[in-house]
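Beneath this line is the structure, given in C-alpha cells, with notes to follow.
Just so you know, all these numbers are worked out from the coordinates, no wet-lab data involved. Since the structure is predicted, the reported quantities are computational estimates derived from the model, not experimental observations. For neighbour counting, all protein chains shown are included, and Cβ atoms are generated from backbone atoms with ideal geometry for every residue, glycine included.
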Amino acid sequence: MNRLDITSLLIRATTIHQKKYLKILVLFVFFAFNFQFNPSVKSGEASLAAAQNLKQQSFVSKALTISGNAVVTIETERKVISSREGVFPPGILNDPYFERFFGLKGLQIPRSRIERGQGSGVIFSKKGLVLTNAHVIENTDQLIVGLSDGRRVIGKVVGQDSLTDLAVIQLKEKGPWPTAPLGDSDQLKVGDWAIAVGNPFGLENTVTLGIISNLNRDVAQLGISDKRIDLIQTDAAINPGNSGGPLLNSFGEVIGINTLVRTGPGAGLGFAIPINRARKIAKDLITTGRANHPMIGVTLSSNIKQKSNFLSQRENGAIIKYVTPNGPAEKGGLKINDLIISINNEKIKTPADVVEKINQNDLKSTLRIKIVRENAEYFKIIKPIDIYELEL
C-alpha cells in the first residue's frame, strides 16, 4: 500500500456512517507505515552480540587455566600374597596320599602378585601437598604422582581418614608446584556451575561440565553406612579414575573432592566432598596424622509432623531418635524426642545442620543446644568427644 492509495481511502471515508471507521483506519495506517519504514534492529544487535561471545574464551577454559595444572594422576601399587589352596576342599592338600598321587605340594607355596590402581588428586599447597580420596591410596605400597607437565614424583601418605574418604599425600621432590585455590563450599547454591576434572579410565586431564544438583546430600541416602560426610551432588560426569580429583566452580576454585558416582538408566549422579569439610580434615591429617570427628552420641530425624501435636506445629528442627548410653548427649541431659532448634544461637533446620555445627566445633569447646521438650524450651550444654573415644 503506497501513500497515494492511503490518501484516497481517507477522502472517501467522509460520510456519517463511515466516520466511525476512520479511527480504526488511521491506526491501521500508522502501524503499517511504522512496520514498513521502521524495521527493528534488535535481531541484528543480538546476532552481533552472539558473534562477539563466540570469540570470547569459555569460562571453563579460564577455570582450567587457574587450576588445571594442579590436577594430578595417582598411580598405586600393592603386593597381594595368596595361595591356591582355596580351589580345593579345606585340608585336602595336607593329606599325604592326595599330595603323593597328584603332586600338588607346590600349590601350598604362597604366590604374590602386584595390584595396580589409579585415581586423581589436586595439589593445594606450594609445599607439595596433594588432596585425594582415602580409597585411592588405601593399603598401597608405592605411590607415583603424575603432573600435567610430565613429571612423575614419588608420594608419601601423610594421613588418611576412612570416615570422610579423604587423604593427604606429600610429594617427595622439591617444587615449584602448581596449586589450585580452595573456594568456599558454604556459598554454593543449587544451579551453580560445576566442573569435574580428573583421569577417568586412565584418560588424563578429562574435563566435564554440569551444575550443582543438590547440597548436603546425606551419604546414608546412598546406602553407605560407614562414612560420616554430607555430599555435593552434581550431574557433571564423574567416572572411575576421577576419584580424588577436584570439582571446580566457574572461577577455577576447588569446591569439592570427587568421591563417588551412582549410575542408573539414562544418567549418572556424581558426588563430591565439600571443600570446607575437606580443608578441616586435611589440616588435622597434616598436624596429627589423623582426623578428629566430634560427636555427641545421638541419632536424628526430621520427621516432625509424625510426632506429637506441640512438635507438629514446628516447621524446622531435628528430632532425637536415639541417645547413646554414657555419651555426651545423655550426660548433658538430652533425651529421645527432644527437638533441637538451635546450636550456639544458630538455627537448626535439618539433621544435617546439627552434624555440620558439631563438625565445626573444637573438641575443647562446648555446644549450647536449644531444645523443645513437651512444649517448653530448654538449653543444654554439651561437650563433644571424638567418635573413636566413644567406641572405646
- Around S250, which amide H atoms from residues at least 5 apart in sequence, or from another chain, sit under 5 Å from its own amide H, with H modelled in the peptide plane? W193
- Note on the structure: Checked segment 294-391 against the a/c 1.5 cut and the a/b vs b/c comparison, axes a ≥ b ≥ c from its Cα gyration tensor; verdict prolate
- Message: Loop only by DSSP, 12 or fewer other Cβ within 10 Å of the Cβ. Give me the GluC sites (Glu not before Pro) in segment 131-204 that pass, ordered by residue number.
- Response: E173
- Task: Give me the distance between the Cα centres of segment 245-294 and segment 162-212, rounded to whole Å.
- Result: 8 Å
- Message: Taking θ = phi - 60°, what integer Hz values does the Karplus form 6.51 cos²θ - 1.76 cosθ + 1.60 yield along segment 172-183, in sequence order, with x for Gly and Pro?
- Response: 8, 10, 7, x, x, 10, x, 10, 10, x, 8, x
- Task: Quick one: work out Rg over Rh on the C-alpha atoms of segment 185-288, Rh as Kirkwood radius.
- Result: 0.95
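For a 31 Å ceiling on Cα separation, which of these pairs sit above it: K62/K364; K126/K349; K174/K383; K189/K283?
Too far apart for the 31 Å limit: K62/K364; K126/K349; K174/K383.
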- Message: Could you check the spin-label model distance between I224 and I211? Points 7 Å from the Cα along Cα→Cβ, value in nm.
- Response: 2.4 nm
